[in-house]
Amino acid sequence: MMNKEVLGNVMLDEETIAKRVKELGEQISADYDRDYNGEPVIMICILKGASIFAGDLLKKLTLDARIDFMAVSSYGASTKSSGVVKINKDLDTSIEGKNVLIVEDIIDSGLTLHYLIKSLWGRNPKSIKVCTLLDKPARRKVDMKADYVGFEIENRFIVGYGLDYDEKYRNLPYITCLE
Ligand code: 5GP
């Protein structure tokens, strides 16, 4: 494993991210007000990458918004292409009959979310929507479109604002990439 990785230029600075998160919060609040007036929305934060984004977004929702957490990982090399994911930490609360908003850091192949959404529908929620901070549409292996996208980006390995390389760089307040 390389330990002298080099960071690229800042791709999205703190101010740009904050502005977009505010816009997303306003848009999501307006949509949920219109479609599910007054019903609670349960934000599902996918750990660990989405934690900073989800916290910032939660503060911008003017709804009866709740938050719960899930941690998932790919089931190992042999099942990678099938997109089977392992749930390492499950939700604390039931989502039956609830409006669910999955908050993800980045959609790459789309396999993780594809599997997760299928699995969460099995718990009979009223609705499931997806909000991702970053989207790499060029890398998609399955048909997967988020309802809300912060930024579309090119195919780079991203770190910062919650996203890691080997657990490093989650603390950067901006988004950059490895060179
Ligand atoms: P997918 O199943 O869509 O291929 O993978 C999604 C997950 O892979 C993300 O939740 C994230 O954990 C990881 N991932 C994908 N691309 C990147 C990236 O550019 N940087 C980092 N840090 N993680 C990534």
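The values are calculated or read from the model by the stated rules, or taken from the named source; none is laboratory data. Source: prediction; values computed, not measured. So basically every Cβ, Gly included, is an ideal-geometry build from the backbone, and we count neighbours across all protein chains shown.
Structure data summary
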| item | result |
| --- | --- |
| From the options ILE95, ILE87, residue that is surrounded by fewer than 20 Cβ atoms within 10 Å (Cβ to Cβ), within 17 Å of MET70 (Cβ to Cβ) and touching a Pro at 6+ places or on another chain (Cβ under 7 Å) | ILE95 |
| Only one of ASP64, ASP68 that is within 19 Å of SER127 (Cα to Cα), charged (D, E, K, R) and surrounded by 14 or more Cβ atoms within 10 Å (Cβ to Cβ) | ASP68 |
| Selection count, region 26-84, where residues are at pLDDT 95 or above, more than 23 Å from GLY160 (Cβ to Cβ) and of a type in the set (S, T, N, Q) | 3 |
| Single unsatisfied condition, TYR148 versus (1) touching a helix residue (DSSP H, G or I) at 6+ places or on another chain (Cβ under 9 Å); (2) in contact (Cβ under 8 Å) with a residue 40 or more places away in the chain; (3) within 11 Å of the ligand (Cβ to nearest atom) | (3) |
| Cβ-Cβ under 7 Å pairs, at least 6 apart or on other chains, region 48-69 side over 12 Å from CYS131 (Cβ atoms) and in contact (Cβ under 8 Å) with a residue 40 or more places away in the chain, far side among the charged types (D, E, K, R) and assigned to a helix (DSSP H, G or I) | none |
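The rows are residues; the columns are (1) closer than 23 Å to MET144 by Cα; (2) not small (Gly, Ala, Ser).
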{"residue": "ASP13", "(1), (2)": "no, yes"}
{"residue": "VAL21", "(1), (2)": "yes, yes"}
{"residue": "GLU26", "(1), (2)": "no, yes"}
{"residue": "ALA30", "(1), (2)": "no, no"}
{"residue": "VAL41", "(1), (2)": "yes, yes"}
{"residue": "LEU58", "(1), (2)": "no, yes"}
{"residue": "ASP92", "(1), (2)": "no, yes"}
{"residue": "LEU101", "(1), (2)": "yes, yes"}
{"residue": "ILE107", "(1), (2)": "yes, yes"}
